[in-house]
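Values quoted throughout were computed directly from the atomic coordinates according to the rules given, and no laboratory measurement underlies them. Predicted model only: the values in this text are computed from it and were never measured. A quick note on method: Cβ atoms are made from the backbone with ideal geometry, for glycine too, and the neighbour counts reach across all protein chains shown.
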Amino acid sequence: MGKVFVLREPRKGNREWNFYALREAARLKRWFDGVYYSPRLHRLLAVFRPTPGTHVNVLVFEEIGESILADAYRMECPKGCNRCCVIHSGAFILDVEVRMLPDEVKSVVLRQPRETIITPGGKVRVYRLDTEAMGRCIFFDVESGECKLEVYGKHLKPVVCLLTYCTVFASKDNRLFLKSGYKELRSGGVLIYYREVNEKQWKRMVDRMGLVWKKYRKVVRSQRVGTEALR
Ligand code: SF4
Ligand code: SF4
């Protein structure tokens with residue numbers, strides 16, 4: 001079995017380092033497994049399983065034993081919520097990721113506002129994707145509620161989208177869980193409490209969380225009707 005690596009914790013107040021770490025993570029996103037919450041370590045773990053021989057930057061990754069994940073909750077992002085993509089998405093993509101995109105998508109990204117950050121590992125160019133109304137991501141399809149990048153493969157989504165979870169939805173051993181509490185520890189860790197739910201309760205929560213997207217879609221639809229009426 002291959003080695004398991006997790007991203008080290010971000011450094012508070014060190015934006016340059018964190019972008020460096022993110023770029024290193026982006027290089028390995030093909031091997032991204034998922035984000036887990038470990039009740040033993042009191043932390044979220046972004047797990048990567050690179051094939052043997054892959055270079056892993058140990059400044060930003062640390063190796064863990066498989067057993068750490070035995071009691072961990074896997075973070076889930078059920079279809080139908082879309083909260084992270086639709087309003088104030090804050091979405092962005094890094095230069096190293098843009099290079100992996102098909103040409104037709106790459107040209108769209110290259111027209112976006114950009115920023116260059118000088119990191120300990122050199123310059124990182126960051127392209128903003130949150131430039132649609134109310135911070136919606138340019139790749140979010142409002143009507144279908146889907147990420148337009150998914151058709152090219154999940155690993156082509158921006159690494160920040162792969163790593164960021166609301167932590168509301170989780171699974172473990174084919175069972176479903178919803179977050180029921182949260183507490184920051186003085187030691188720096190975090191306690192997240194989960195309660196097991198059935199599919200109906202899970203779905204109800206997805207519907208509740210998805211209200212933001214549905215309201216947004218309603219507005220977009222009505223604007224479309226208004227524009228068509230003016231033609
Ligand atoms: S709020 Fe949670 S479930 Fe909703 S899109 Fe974001 S990560 Fe996914
Ligand atoms: S790239 Fe996809 S997953 Fe990321 S914010 Fe945009 S639509 Fe959502």
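Listed values, structure above:
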| read-out | value |
| --- | --- |
| Longest to shortest principal axis, alpha-carbon extents of segment 185-231, angstrom | 60, 30, 7 |
| Compactness relative to 2.2 N^0.38 Å, alpha carbon Rg of segment 1-83 | 1.14 |
| Percent of Cα-Cα distances greater than 14 Å, calculated over segment 114-195 | 78 percent |
| Label-point separation, Glu9 to Cys166 (7 Å along Cα→Cβ), nm | 2.6 nm |
| Distance from segment 191-231 to segment 148-183 (C-alpha centre basis), Å | 17 Å |
| Calculated from backbone phi, Karplus (6.51, -1.76, 1.60) coupling profile of segment 128-134 in Hz, x at Gly/Pro | 6, 10, 9, 9, 7, 3, 6 |
| Per-residue [θ]222 nm for the chain (sum of -39500 (n - 2.57) over DSSP H runs n ≥ 4, rounded to 500) | -8000 deg cm²/dmol |
| Under Karplus coefficients 6.51, -1.76 and 1.60, residue-wise ³J(HN,Hα) of segment 200-209 in Hz, glycine/proline x | 5, 5, 4, 4, 4, 5, 4, 4, 5, 5 |
| Translational D in µm²/s for segment 83-161 (Stokes-Einstein at 4 °C, 1.567 mPa s, Kirkwood Rh from C-alpha pairs) | 100 µm²/s |
| Semi-axis lengths, Å, the chain, gyration tensor of Cα atoms, sqrt of 5 times eigenvalues | 30, 25, 16 |
| Residue (of Val126, Val108, Gly153) at the positive-pole extreme of segment 71-160, dipole from beta-carbon charges | Val126 |
| Set of lysines with alpha-carbon distance to Lys179 below 19 Å, sequence-local pairs under 8 removed | Lys79, Lys200, Lys203 |
